[in-house]
Amino acid sequence: MKDVTALAGMDLQVDETGLLLQFGPNIRHPAPEFRTLDHVRTSLADPGARGPDHLYTIYMDIYERSDEPALRDQGLLYGAVVYNHGAMGKEWVRSQGHVHSEKNGTGLRYSEVYEFWTGTGYIYLQKENGPVVSRAFLVEVKAGDRLLIPFGWVHLVVNSGDDVLSFGAWCARENILEYDRLRELGGPAHFVLTDGSVVKNPRYQSVADVQYATPRDFPHLGIAHDRPIYSTWKRNPGALTFMAHPELVGDLWAEL
Ligand SMILES: [Fe+2]
């Protein structure tokens, strides 16, 4: 059991054996949802790959009891995920990848703010959710790192370490996670392999080389790098208004 209260800004422990979270008495949370290798299989470099059956555990709506009205009012959702470690064939354990839905009438898709609690790995970012990809990044992450996902980019989490990787994340309550297009494409445009290499997905038409980056290379819109993202919201709820209202900031990543 690893106590991540200081990093998360709420009373939390990571059960690394069960791939679960243990919550303090003042925390409300849903039942965990489990994702298995079969959930991600169609998006793998090798859809027949072998690996751990239980890949990750998701908790979609977590909050301190007294915070519920304000969170609902602001349209914000806080969730957490605990990832297993190991390999799926030649790839590291990872999520299948998705994009967030568009906020009606804005032409902009919802973002997400990640905060890592345990483990080491990468966030993979891919600009286009289509067969031609002009930009892709591997952002190295470790405990304490915080990263804002560019509006509308494909993203997924890779656990490239020997430990369980866990994180919390803010997004909009109205956001819908969209998986279908990326599945049709046969997964992300790059695969991160356990031998340290990154290979392009041959099912794509044209893919730019992946670039390595750090969380600080990306706009953070005032979200502190040195404070839990839950505490950032508690201290100043307005700091996260743009999560439910991307039109307030626009596409800051167009030139990335
Ligand atoms: Fe997401």
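The values are calculated or read from the model by the stated rules, or taken from the named source; none is laboratory data. If you're wondering where the values come from, they're calculated on a predicted model, not measured in any experiment. Please note: Cβ atoms are built from the backbone with ideal geometry, for glycine as well, and neighbour counts cover all protein chains shown. Surface areas here come from the heavy atoms of the whole protein model, side chains and all, with no ligands, DNA or RNA. Shrake-Rupley method; radii C 1.70, N 1.55, O 1.52, S 1.80 Å.
Observations
- Every test in (1) open to solvent by 20 Å² or more (accessible area, probe 1.4 Å); (2) at pLDDT 95 or above; (3) in a helix (DSSP H, G or I) is passed by Thr17 save one, and that test is (3).
- Exactly one residue out of Ser111, Ser134 is surrounded by fewer than 22 Cβ atoms within 10 Å (Cβ to Cβ) and in contact (Cβ under 8 Å) with a residue 60 or more places away in the chain: that is Ser134.
- Boolean, Val192 is within 17 Å of the chain's Cα centre (by Cα) and open to solvent by less than 10 Å² (accessible area, probe 1.4 Å): no
- Whichever residue in the range 196-238 is buried (at least 18 other Cβ atoms within 10 Å of the Cβ), out of contact with any Pro (no Cβ under 9 Å at 6 or more places or on another chain) and within 25 Å of Lys103 (Cβ to Cβ) and, among such residues, is modelled with the lowest pLDDT: Ile223
- The sole residue among Ala31, Ala80 that is hydrophobic (A, V, I, L, M, F, W, C), surrounded by fewer than 20 Cβ atoms within 10 Å (Cβ to Cβ) and either modelled with pLDDT of 95 or more or in a helix (DSSP H, G or I) (or both) is Ala31.
- Pair list, Cβ < 7 Å and 6+ apart or interchain, from the range 45-68 residues that are of a type in the set (Asp, Glu) to residues that are assigned to a helix (DSSP H, G or I) and open to solvent by less than 40 Å² (accessible area, probe 1.4 Å): Asp53/Leu37
- Residue match in the range 117-140 (condition: β-branched (Val, Ile, Thr), within 15 Å of the ligand (Cβ to nearest atom) and more than 22 Å from Asp53 (Cα to Cα)): yes
- Checking Gly161, Gly144 one by one, the residue that is assigned to a loop (DSSP other than H, G, I, E, B) and more than 20 Å from Asp195 (Cβ to Cβ) is Gly144 and no other.
- Test: Gly187 is modelled with pLDDT of 95 or more, surrounded by 15 or more Cβ atoms within 10 Å (Cβ to Cβ) and in contact with a Leu (Cβ under 7 Å, 6 or more places away or on another chain): yes
- The residue that is surrounded by the fewest Cβ atoms within 10 Å (Cβ to Cβ), among those in the range 239-256 that are part of a loop (DSSP other than H, G, I, E, B) and out of contact with any helix residue (DSSP H, G or I) (no Cβ under 7 Å at 6 or more places or on another chain), is Glu255.
- Qualifying residue in the range 59-74 (condition: touching a Leu at 6+ places or on another chain (Cβ under 7 Å), more than 26 Å from Pro215 (Cβ to Cβ) and of a type outside the set (S, T, N, Q)): no
- Scan the range 167-203 for residues that are assigned to a loop (DSSP other than H, G, I, E, B) and more than 15 Å from the ligand (Cβ to nearest atom) and the total you get is 11.
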